[in-house]
Amino acid sequence: GDANAMTYIGANDYCADKLLANSSWLNAICNSTYFESVLNVKVPTMTSNTTPSGEASSSSSLGSGYLPYKAFDNTYGTYWTTPDRSDLTPWIQYEFTEKVKVNMVSFQPEDTNRRFNAYEVLGSNDGSNFTPVLTVTDYSFSTEIEKKPMINNTSYMYWRFHITNNPTVYGMSIREIQFYGRA
C-alpha cells in the first residue's frame, strides 16, 4: 500500500504484469489507496458518448437524460438507465482508443428498485465477439461503490459490463462505472 512501492510497480511493466496475475497481489494492489499508480489507464471523464475520446455505448437507454456516457461522467447526480421491462439483460460498454488490459471494474448502481444479482465483464477487439473476463453470479446488490479485481492477461479495445440476471421488472441504472487497467 506504500505510494513509492506502487509507483515502482506501475513504472515496471514486467513487475506489474507478474503481480496482477497473482490473486493475492491483485487484491492488495486494487485495495490500495494508490492503485491508480499501477492501474494507470481508465475511461476519461466523458461529456458525451464520444467526447473527449473513445465511445460509450449500451444495449439501450431510457432517453437523452440517461445516455451511456452519464455512467462515465464522474458526476454523482447523473446515471445511465435502461427502459423498464424491455431490456432484461442490459449492457454498457466503453471502446478505448487503444487496447487495454483491464484488471478492475468499479461500479455503483443507482436505485434499489433496479437491482440485479449477476453480471459479467467482457472484452472484445471487434465489438462483436466478446470474451468473458469476469463472471459474478452471487452479487449482493448495494448502491455503494463496488470494486472488483480480475486476473486478466489479454488486452481489448471494447470493455462491456453485462447484467445477466435482473430479477425485477424495472430497467437497470448505473450511477458510475470505471474500467481500470494498463495499456
Order by protection proxy (mean Cβ within 10 Å, highest first), peptides 34-40, 102-108: 102-108, 34-40
Environment charge of GLY1, counting only residues whose C-beta is closer than 15 Å and scoring Lys/Arg +1, Asp/Glu -1: -1
Förster radius 35 Å - calculated FRET efficiency between THR47 and CYS15 (Cβ-Cβ, nearest 0.05): 0.50
For the range 1-92, the Rg and Dmax computed from alpha carbons only, in angstrom: 17.3, 49
Sparse-neighbourhood loop sites, GluC sites (Glu not before Pro) in the range 127-183 - DSSP loop, at most 12 other Cβ within 10 angstrom: GLU144
Residue-by-residue Karplus 3J(HN,Hα) for the range 88-98, coefficients 6.51, -1.76, 1.60, Hz, glycine and proline x: 7, 10, x, 9, 9, 9, 10, 9, 6, 7, 8
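In debye, nearest 20, what is the charge dipole magnitude of the range 112-173 about its Cα centre with +1 on Lys and Arg Cβ and -1 on Asp and Glu Cβ, if you could check? Don't skip to the end; give the middle numbers.
Values: 5 positive and 5 negative charges, 24 e Å.
Using only the charged Cβ atoms, the result is roughly 120 debye.
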Radius ratio Rg over Rh of the chain, counting only Cα atoms, Kirkwood formula for Rh: 0.96
Long-range HN-HN contacts of GLU176 with modeled amide H, under 5 Å: GLN108
Per-residue HN-Hα couplings for the range 80-86 [Karplus 6.51, -1.76, 1.60; θ = phi - 60°; Hz; x = Gly/Pro]: 8, 9, 9, x, 5, 6, 8
Hz values of 3J(HN,Hα) by residue in the range 45-51 - Karplus curve (6.51, -1.76, 1.60), Gly and Pro given as x: 5, 8, 10, 7, 5, 10, 10
Relative contact order (%) - the chain, alpha-carbon pairs under 8 angstrom, separation at least six: 28 percent
The range 1-90: trypsin sites (Lys or Arg not before Pro) falling in loop per DSSP and having at most 11 other Cβ within 10 Å: ARG85
Charged-residue dipole, Cβ positions (Lys, Arg, Asp, Glu), the range 24-115 about Cα centre, Debye nearest 20: 160 debye
Contour minus Cα-Cα distance for ASN31 and LYS147 (0.36 nm per residue): 40.9 nm
Label-point separation in nm, SER24 to ASP111, each point 7 Å along Cα→Cβ: 4.5 nm
Heavy atoms of LEU62 accessible to a 1.4 Å probe, total area in Å² rounded to 10: 90 Å²
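The values are calculated or read from the model by the stated rules, or taken from the named source; none is laboratory data. Nothing here was measured: the structure is a model prediction, and the numbers come from that model. Counting neighbours? That spans all protein chains shown, and the Cβs are built from the backbone with ideal geometry, glycine included. These accessible areas exclude ligands, DNA and RNA; they are computed on the full protein's heavy atoms, side chains included. Shrake-Rupley method; radii C 1.70, N 1.55, O 1.52, S 1.80 Å.
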